[in-house]
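Below: the structure, in structure tokens.
The values are calculated or read from the model by the stated rules, or taken from the named source; none is laboratory data. Note that the structure is a prediction, hence the values are computed from the model and not measured. Cβ placement follows ideal geometry from the backbone for every residue including glycine, while neighbour counts extend to all protein chains displayed.
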Amino acid sequence: MLNENFSHGKGWGENVTLSKQIFESQRFSAGAEFRDNFQQDQGNYDLQPFVQYFTDSRTSTVFSVFAQDEIRLRKKLMLNLGLRYDHYSIFGGATNPRGALIYNPREKTTFKFLYGQSFRAPNLFELYYNAPGNEANPALLPEIAKTMELVWEQYFANHFRVTASGFYTPSTA
């Protein structure tokens, strides 16, 4: 017996980013993004004999705004701060901060302390696919990850670099 899954989608989107050097030591960037998924179809069926187990048609939108501020604190020390908000029509919004402290003691040596929070939105397959062997979960929420990282980058010559990093990802369960 041949069984087939299908998924088809159509959408469009736009984004804009503006960036401005505010002072000699500061650059601010901000932007927005919009995505309209006006067709999101999925399903499952047997070919012979034809038996349709599942079919689903949906639409969704995503709207995002973001900002980043890059500040040179000293000649060899930079602070980079960012914030992003995403609003999904399917489940709501999420705000995620990011930050980096970047130190260049020498021309080819860089140390970084990074912090970030991100998320992954559940897709329509994970939320609504309901065919034999799979159960839909429309209550599924986004996955959230927070990370902290220390990085050392050392360049040798023009095309050789060594990078070492250590990171910590706290449990979100």
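I'm trying to understand the selection: among the residues of region 47-58, which are surrounded by fewer than 14 Cβ atoms within 10 Å (Cβ to Cβ) and touching a strand residue (DSSP E or B) at 6+ places or on another chain (Cβ under 6 Å)? Residues satisfying the conditions are 52, 55, 57.
A count restricted to region 85-128 and to residues that are surrounded by 17 or more Cβ atoms within 10 Å (Cβ to Cβ) and of a type in the set (Ser, Thr, Tyr) stands at 3.
From the residues in region 18-42 that are touching a Ser or Thr at 6+ places or on another chain (Cβ under 9 Å) and among the small types (Gly, Ala, Ser), which one is nearest to residue 136 (Cα to Cα)? Lay out the reasoning, then the answer.
First, the residues of region 18-42 that are touching a Ser or Thr at 6+ places or on another chain (Cβ under 9 Å): 18-20, 27-42.
Subset that is among the small types (Gly, Ala, Ser): 19, 29-32.
Values: 19: 42, 29: 40, 30: 37, 31: 35, 32: 32 Å.
That would be 32.
Which residues, taken from region 128-158, are within 14 Å of residue 109 (Cα to Cα), at pLDDT 85 or above and of a type outside the set (A, V, I, L, M, F, W, C)? Can you show your working first?
If we filter region 128-158 for residues that are within 14 Å of residue 109 (Cα to Cα), which is where we start, we get 150-158.
This time we only want the ones that are at pLDDT 85 or above, so: 150-156.
If the condition is that a residue be within 14 Å of residue 109 (Cα to Cα), at pLDDT 85 or above and of a type outside the set (A, V, I, L, M, F, W, C), then 153, 154, 155 are the ones that fit.
Of all residues in region 7-38, count the ones that are in a strand (DSSP E or B), within 24 Å of residue 83 (Cβ to Cβ) and of a type in the set (S, T, N, Q). Result for region 7-38: 6.
Looking only at residues in region 1-46 that are charged (D, E, K, R) and surrounded by 10 or more Cβ atoms within 10 Å (Cβ to Cβ), which one is farthest from residue 60 (Cα to Cα)? Explain how you work it out, then say what you get.
Initial filter on region 1-46 (charged (D, E, K, R)): 4, 10, 14, 20, 24, 27, 33, 35-36, 41, 46.
The next check asks that each one be surrounded by 10 or more Cβ atoms within 10 Å (Cβ to Cβ); those that pass are 10, 27, 33, 35-36, 41, 46.
Numbers: 10: 11, 27: 34, 33: 14, 35: 8, 36: 6, 41: 11, 46: 28 Å.
Across region 1-46, the extreme among qualifying residues is 27.
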